[in-house]
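Notes follow the structure.
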Amino acid sequence: MALPSRFGIRLISPFFVPHRCDSILASKAAQAILRKDIKDVEHVPPLVPGSEIPASYRYIYPDFLALPDIKKRNKLAEKLNRMDMLRRRSVMEIPEFYPGSVLAVTTSDPNAPNKTSRFVGICICRGGNQLLSFMILRNVIDGLGCEIKYDLYNPTIRKIEVLKLERRLDEQLFYLRDAPPEHSTFPFDMEATPHPEGLAVPLNETVVHLNPFPWKTRWELYGFRGFTYDFLPSRKVVRKAKVLAPLEWERFDLMKKYRVQIPLEDQEEMFKDILVHNCGTFEKKRRRR
Amino acid sequence: MAQALRALCGAFGSSCRIGNSLGAKLPGPVRTESAISFSGSFVNVDFVRHGGKSHSHRRQVKINPYHILPEIPAVEKTQERLTEENAQFLQQVNADNVSPLKAPPPERKPFTYWTKRTGLICKKIGVIPQWLTNGRRIRCSVVQVIDNHVVSSSAPEEFAKQYNASRYKPKVRNVGCMVVGAESIDPTNLTDDYVKLFEPAGLQPKRKLSKFIVTPDALVQPGTALRATHFRTGDYVDVGAKTIDHGFQGVMKRWKFKGGPATHGATKFHRRPGSIGHGAHNSKVKKGKKMPGFMGGKYQMQRCLQIMRMNRTHDVMYIRGTFPGATNSWCYVFDTVARSKRPLKNPPPMPTHYPEDDVTPHSEETFVPLLFQLDKPTIEFEITEDDLKKVRTGAKTAQKSPSKAPPKAGAKVAGKS
């Protein structure tokens, strides 16, 4: 059955969240902020002028931000959630990572022979908020692409290791599904390259050349920067891409920005607890030394 | 409708004025201080547990149940603002207030099969994930008990008088009722009549009021505070709330019909229900046919939900599962009606939990043993003997199969290819 071409836009995979704007992490402001580690608080600009909280917390701990829907927000519930998250963080350390960095996750699994399972892969998405926050790891094993979604605060997770800490040009790398497999294959015995403290998190500016058509979804419509392709199949598709391109007036829509983001005063409240928690852990580490 | 409203007002004393226009519009703020008598009865009939009509999908015409409107109109607010001296005077009056709690409490009675305790007025704060000790993720809806106090309680005899002419009469033979209020508010912005309702209980006026039907052994003194400890962790509760109001909706959203085709010459038939009755025998529309109409905005109950966790400082309960209603909306929590889940062997505090009864100092948070506490070490599964047996047998078969077991025909084909 040949449907008219106007129905082709709906073909979007369930995990994929269309993100038409540029990556926040790869923006110039983010690069300036993420240049130094948390410890050198003096060099990092504060979140709000006059506060102790560094601005880099916005990118390092995005899971502490609540859902920016005004109707669904409740301050007490957010507070209780945060306390739960800190409790879990006191037991298991959740390291700093970004979409694009390579991770290894060991979980306790009742069906595995040793009751543990380990998975290595590139983080292609980091989403959710508070206790619901998750990440998706991707790897190609024996020519088969595997993706696993982990809840960050799931108590069955034993350990999260960062094998390679870096950022990419995009916040979502779902287009690796249509890329050649060498871009998302990582050996399970991959050695960790340690990231020295105080250095900037490197921005990996590799541009992936995608496979020829057909693709899983139409990646070219959403303004990703991290891939190229040879040609588009027909002239109609190109015309449609123009229609779906981000509108110019959206940049000046202040109310839209306000609805999507959480105001800075509220962010300050959310990051206060983790700041206290971090100070405590740093002191502990110093004592051990 | 006029009859219903009259019957409703008859419960609170005959002298209540309604006005001539009895349509969808009610008369404005009726401020008749002398005309209304407050003889222990209560005004609001917002919710009655087992009352209510059968399932009808028509939206009820919105009638404000208060014949006394709580808030002063905005124009009058400015006129009635207090001076400092008056405010001080009011504070003194509040200090000298005679609370009914100074009288000795009534005799306590045990929890039986037939007792029906009060419910609580709560606010649904959110829905969050929690984990069990076996690693399974569950959904818990978080509920806060906001400042609940008993405003009035009436014995079965009084309650029968209130509903003498109404449809509740046969049901309430040996049942009393209690009015509970939640979330106290500033009395300076309210009408005198509304504030007077709370005087006999010695309380601040409340934003939300509702009536609970209880058995006479579970009546609580007016003025007492109801907290989340009215229930315990592990108890099963029923939760009632209003579903999200979607307004008038078509048949695809309301009943999940499939609609019509998008193409192939379909004109004006994309979201329609199709035929609703035809043929020689059924040449009419059957009763209860699914049609477009008002969706949501209805009171519904969800039964048999377990309380997994409780925070005493904030009066917050974590209830396993979900129930209707959006976040930040009101809901009512009761003991379950389900017989198998009623805690007869381990009875709950009767008529409610008093903080004086605590023998041992209570912890801030209580958990069900099945629920994982996030500050405990990570879940690790032990290797049992059965697992070891499986490994051994698996190894044996793996060794034997190439030598002893003859290869099958299918295996050969697979090997060739």
Worksheet item: Within the range A:164-183, is even one residue touching a helix residue (DSSP H, G or I) at 6+ places or on another chain (Cβ under 7 Å), at pLDDT 90 or above, at negative phi and of a type in the set (F, W, Y)?
Response: yes
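Taking the range B:184-197 as the region of interest, how many residues are in contact (Cβ under 8 Å) with a residue 40 or more places away in the chain and assigned to a strand (DSSP E or B)? If you could, list the steps in order and put the result at the bottom.
Start the filter on the range B:184-197 by keeping residues that are in contact (Cβ under 8 Å) with a residue 40 or more places away in the chain, which leaves B:188-194, B:196-197.
Adding the requirement that they be assigned to a strand (DSSP E or B) leaves B:190.
Residues flagged as in contact (Cβ under 8 Å) with a residue 40 or more places away in the chain and assigned to a strand (DSSP E or B) within the range B:184-197 amount to 1.
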Item to complete: Output the residues belonging to the range A:152-167 that are out of contact with any Asp or Glu (no Cβ under 7 Å at 6 or more places or on another chain) and within 14 Å of another protein chain (Cβ to nearest Cβ).
Response: A:Y153, A:N154, A:P155, A:T156, A:I157, A:R158, A:K159, A:I160
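Any idea how many residues of the range B:129-152 are part of a strand (DSSP E or B) and either away from chain A (no Cβ under 12 Å) or in contact (Cβ under 8 Å) with a residue 60 or more places away in the chain (or both)? Steps first, answer last, please.
Step one: list which residues in the range B:129-152 are part of a strand (DSSP E or B), which gives B:129-132, B:137-145, B:148-152.
So of that shortlist, the ones also either away from chain A (no Cβ under 12 Å) or in contact (Cβ under 8 Å) with a residue 60 or more places away in the chain (or both) come out as B:130-132, B:138-145, B:148-152.
Count: 16.
Being more than 19 Å from A:G143 (Cα to Cα) and surrounded by 13 or more Cβ atoms within 10 Å (Cβ to Cβ) is the filter here; which residues of the range A:174-199 pass it? Give the derivation first.
Taking the range A:174-199 as the starting set, the residues that turn out to be more than 19 Å from A:G143 (Cα to Cα) are A:191-199.
The answer is A:H195, and nothing else.
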Discussion item. Give me the residue from the range A:218-240 that is exposed (fewer than 15 other Cβ atoms within 10 Å of the Cβ) and aliphatic (A, V, I, L, M) and, out of that set, modelled with the highest pLDDT.
Written reply: A:L232
Fill in: Which numbered condition A:R118 misses (of (1) surrounded by fewer than 17 Cβ atoms within 10 Å (Cβ to Cβ); (2) among the charged types (D, E, K, R); (3) within 14 Å of chain B (Cβ to nearest Cβ))
(3)
Worksheet entry | Residue check for A:A77: more than 14 Å from A:K272 (Cα to Cα), at pLDDT below 75 and part of a helix (DSSP H, G or I) | no
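Residue-by-condition table, conditions (1) touching a strand residue (DSSP E or B) at 6+ places or on another chain (Cβ under 7 Å); (2) at pLDDT below 90:
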residue: B:K376; (1), (2): no, no
residue: B:E380; (1), (2): yes, no
residue: B:T393; (1), (2): no, yes
residue: B:S401; (1), (2): no, yes
residue: B:A409; (1), (2): no, yes
Discussion item. Take B:F372 and tell me if it is crowded, with 18+ Cβ neighbours inside 10 Å and not small (G, A, S).
Written reply: yes
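Here is a yes/no grid of residues against (1) surrounded by fewer than 16 Cβ atoms within 10 Å (Cβ to Cβ); (2) facing another protein chain (nearest Cβ under 9 Å); (3) aliphatic (A, V, I, L, M):
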{"residue": "A:A55", "(1), (2), (3)": "no, no, yes"}
{"residue": "A:Y59", "(1), (2), (3)": "no, no, no"}
{"residue": "A:P62", "(1), (2), (3)": "no, no, no"}
{"residue": "A:A66", "(1), (2), (3)": "no, no, yes"}
{"residue": "A:L80", "(1), (2), (3)": "no, yes, yes"}
{"residue": "A:S90", "(1), (2), (3)": "yes, yes, no"}
{"residue": "A:E93", "(1), (2), (3)": "yes, no, no"}
Worksheet item: Checking A:S133 against (1) out of contact with any helix residue (DSSP H, G or I) (no Cβ under 7 Å at 6 or more places or on another chain); (2) closer than 27 Å to A:R88 by Cα; (3) of a type in the set (G, A, S), which single condition isn't satisfied?
Response: (1)
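Condition check ((1) assigned to a helix (DSSP H, G or I); (2) over 23 Å from B:T243 (Cβ atoms)) across all residues:
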position: B:K258; (1), (2): no, yes
position: B:P261; (1), (2): no, yes
position: B:H270; (1), (2): no, yes
position: B:G277; (1), (2): no, yes
position: B:N282; (1), (2): no, yes
position: B:M301; (1), (2): no, no
position: B:S340; (1), (2): yes, yes
position: B:P343; (1), (2): no, yes
position: B:H362; (1), (2): no, yes
Discussion item. For A:L103, only one of the following conditions fails: (1) modelled with pLDDT of 95 or more; (2) surrounded by fewer than 19 Cβ atoms within 10 Å (Cβ to Cβ). What is its number?
Written reply: (2)
Discussion item. Exactly one condition in (1) touching a Pro at 6+ places or on another chain (Cβ under 7 Å); (2) surrounded by fewer than 16 Cβ atoms within 10 Å (Cβ to Cβ) is false for A:C125; which is it?
Written reply: (2)
Fill in: Meets criteria (more than 10 Å from every other protein chain (Cβ to nearest Cβ), surrounded by 10 or more Cβ atoms within 10 Å (Cβ to Cβ), among the acidic types (D, E) and farther than 18 Å from A:R87 by Cα) for B:D386
no
Worksheet, complete the sentence: When A:A192 is run through (1) under 30 Å from A:K72 (Cα atoms); (2) modelled with pLDDT of 90 or more, the failure sits at (1)
Discussion item. For the range B:271-294: of the residues being surrounded by 12 or more Cβ atoms within 10 Å (Cβ to Cβ) and of a type outside the set (A, V, I, L, M, F, W, C), which is farthest from B:G260 (Cα to Cα)?
Written reply: B:G293
Discussion item. Every residue in the range A:128-151 that is within 14 Å of another protein chain (Cβ to nearest Cβ) and within 12 Å of the chain's Cα centre (by Cα), please.
Written reply: A:G128, A:N129, A:S133, A:F134
Worksheet item: Hey, does the range A:99-111 have a residue that's away from chain B (no Cβ under 14 Å), in contact (Cβ under 8 Å) with a residue 12 or more places away in the chain and in a loop (DSSP other than H, G, I, E, B)?
Response: yes
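The values are calculated or read from the model by the stated rules, or taken from the named source; none is laboratory data. The structure presented is a predicted model; accordingly, all values stated were derived computationally and were not measured. Every residue, glycine among them, receives a Cβ derived from its backbone with ideal geometry; neighbour counts consider all protein chains shown.
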